Amino acid sequence: MHRTALITIAATAVGLSAGLGLSTLAEPPKEAPAMPTAEDMAKYMEANSPGAPHQKLAFLVGEWDAQASFTMAPGMPPQVSKATSDCRWVLDGRFVHDVYKGMMGPMPFTGLGYTGYNNATGVYESVWMDSVGTGMMIMTGSYDDAASTLTLAGSLVDPMTREKKAYRAVTVKTGDDSHTFKMYEPGPDGKEFVSLQIDYTRRK
């Protein structure tokens with residue numbers, strides 16, 4: 001190999017080595033992440049523990065007999081059926097789990113729901129799924145203390161039209177042993193109507 005080429009290669013190698021060394025020296029040493037303090041852990045536990053907003057859902061808990069009235073469209077006669085609902089606290093009082101069993105026309109119907117309060121967002125949240133659909137309805141909302149009313153809003157894609165439809169769910173505590181659920185959705189004219197009403201009575 002020509003001597004000039006050897007000198008060039010050697011000089012390049014020296015330069016790269018020096019550059020790598022300087023780069024390594026220029027990087028500050030990485031500090032280990034600070035361990036959370038006892039105060040940090042206390043704040044974390046408080047932010048993730050059930051509290052007073054969760055207790056406002058206590059009126060939902062219990063074993064219930066239910067009467068459901070389902071209306072396909074405004075002006076149509078409702079389909080009335082009987083059902084049962086078993087609502088229990090789960091995950092150490094963080095969520096209310098609802099197991100609903102009844103009929104949807106001639107078909108047996110089972111629904112599963114979870115309702116809770118998100119400390120991080122400051123809103124109530126729910127998710128619902130059932131045996132006559134493949135989608136999950138996710139809703140968020142608030143609780144009105146004066147009216148003893150939980151109001152949630154969300155949407156679900158209509159399996160027939162494949163378009164998103166808005167829903168509003170209102171649950172009113174009507175007594176220590178009763179509450180009423182109403183589901184609102186837009187009718188053909190775009191105005192809300194009550195498509196589902198369920199009256200719950202505590203099973204004795």
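In the neighborhood of Tyr184, defined by Cβ-to-Cβ distances under 13 Å, what is the net charge if each Lys or Arg adds +1 and each Asp or Glu adds -1? Value of the local net charge: +2.
Please find the FRET efficiency linking Met35 to Asp86, where r is the Cβ-Cβ separation and R0 is fixed at 45 Å, and quote it to the nearest 0.05. Don't skip to the end; give the middle numbers.
Numbers: r = 44 Å, r/R0 = 0.97.
My answer for the efficiency is 0.55.
Determine the calculated [θ] at 222 nm for the chain from helices alone, applying -39500 (n - 2.57) to every DSSP H run no shorter than 4 residues and normalising by the residue count; nearest 500 deg cm²/dmol. -6000 deg cm²/dmol, from helical runs alone. The alpha-carbon of Lys165 sits under 21 angstrom from the alpha-carbons of these lysines, leaving out residues fewer than 8 places away in its chain: Lys182, Lys191. Of all lysines in the structure, those lying under 28 Å Cα to Cα from Lys43, and not within fewer than 8 positions of it along the same chain, are Lys30, Lys56.
For the chain, the longest principal axis of the C-alpha atoms and the axis of helix 38-47 are separated by about 30°. For the chain, the longest principal axis of the Cα atoms and the long axis of helix 3-26 meet at an angle of about 50 degrees. A Förster radius of 25 Å, combined with the Cβ-Cβ distance separating Ala73 from Ile138, puts the computed FRET efficiency at roughly 0.50.
Note that the chain, at 4 °C in a medium of 1.567 mPa s, gets a Stokes-Einstein diffusion coefficient of 61 µm²/s from its Kirkwood radius over C-alpha pairs. Averaging Cα coordinates gives a centre for region 178-204 and one for region 101-174; these two points are 11 Å apart.
Each reported figure results from applying straightforward, stated rules to the coordinates on display, with no laboratory input. In this text the structure is predicted, and so the values were computed from the model without any measurement. Glycine also receives a Cβ, built like all others from the backbone with ideal geometry; neighbour counts cover every protein chain displayed.
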